[in-house]
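Following: one structure in structure tokens, then a few remarks.
Each reported figure results from applying straightforward, stated rules to the coordinates on display, with no laboratory input. Predicted, not measured: the structure shown is a model, and the values here were computed from it. Cβ atoms come from the backbone with ideal geometry, glycine included; neighbour counts cover every protein chain shown.
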Amino acid sequence: MEVGGFIAIGVVIVVIGYLIVMYNNLVSLKHAVSQAWANIDVLLKQRHDELPKLVETCKQYMKHERETLEQVMKARSAVADARAQGNVGGVGQAEGMLRMGLGSLFAVAEAYPDLKANENFQHLQSRITGLENSIADRREYYNAAVNNNNVRIEQFPDVLIANFFKFKSAELLEFSEAELTDVNMKSLFE
């Protein structure tokens, strides 16, 4: 065999190796997105389980705040439905409603000193606040994983492998505009 033949075989081996490495990197990115979503899902489930306890505790004290309590439970249900369907956009919208409802609930609780002093309420409020912070952290990690995945499957030459093997872009987890606005505290006490 001539030197040219060895060079051609060497080039083919290098190209095939490069394509395999690219494919494996894309697979890793896809699974990083799935893992990041699974981490958020665990926290959403934990918070989902805590909310009925919080609402039940509040019901004992807040007889006149039924609308606020119902808003929290309705939003909780919407998050659960979107989570079950794997609808990232729906989770984002429902999360915005839920966070507004929780903000309203905690603000209204300020008007009930007995409720604020209740040990069970304090524990649940602390637990849910901790879960909210963890969800925010995990959302940031998830969105970074999604961004890395989406950029790589659009970059050349990765786009060739991504299209051939039908890698799909993932959806960012964004919360609704309503969550980004301040809660009107005055309206909560009128």
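Per-residue extension of 0.36 nm, minus the Cα-Cα distance of Asn25 and Phe6, leaves a gain of 4.0 nm for this segment. In the chain, the longest principal axis of the Cα atoms and the axis of helix 66-85 are about 20 degrees apart. Measuring between their Cα centroids, region 75-107 and region 1-23 lie 52 Å from each other. Taken about its Cα centre, the chain carries a charge dipole of roughly 400 debye when the Cβ of each Lys and Arg holds +1 and the Cβ of each Asp and Glu holds -1. For the chain, the longest principal axis of the alpha carbon atoms and the long axis of helix 119-154 meet at an angle near 20°. Ordering Ala84, Phe175, Tyr141 by Cα displacement along the dipole of the chain toward the positive end leaves Ala84 in first place; charges were set at the Cβ atoms of Lys, Arg (+1) and Asp, Glu (-1). Here Rg/Rh (Cα atoms, Kirkwood Rh) was computed from the coordinates, and among (i) 0.94; (ii) 1.24; (iii) 1.31 the match is (ii). Taking GluC sites (Glu not before Pro) across region 1-93, the ones in a DSSP loop with at most 16 further Cβ atoms lying within 10 angstrom of their Cβ are Glu2. Model label points for Ala111 and Ser169, set 7 angstrom from Cα along the Cα-to-Cβ axis, are 4.6 nm apart. In terms of distances greater than 19 angstrom between alpha carbons, the cross-link table entries Lys74/Lys116; Lys53/Lys116; Lys45/Lys116; Lys30/Lys168 yield Lys74/Lys116; Lys45/Lys116. For Ser126 and Ile13, the difference between the fully extended length at 0.36 nm per residue and the C-alpha to C-alpha distance is 34.9 nm. A crude spin-label estimate for the pair Lys59 and Ser77, with each label 7 Å from Cα along the Cβ direction, gives 1.4 nm.
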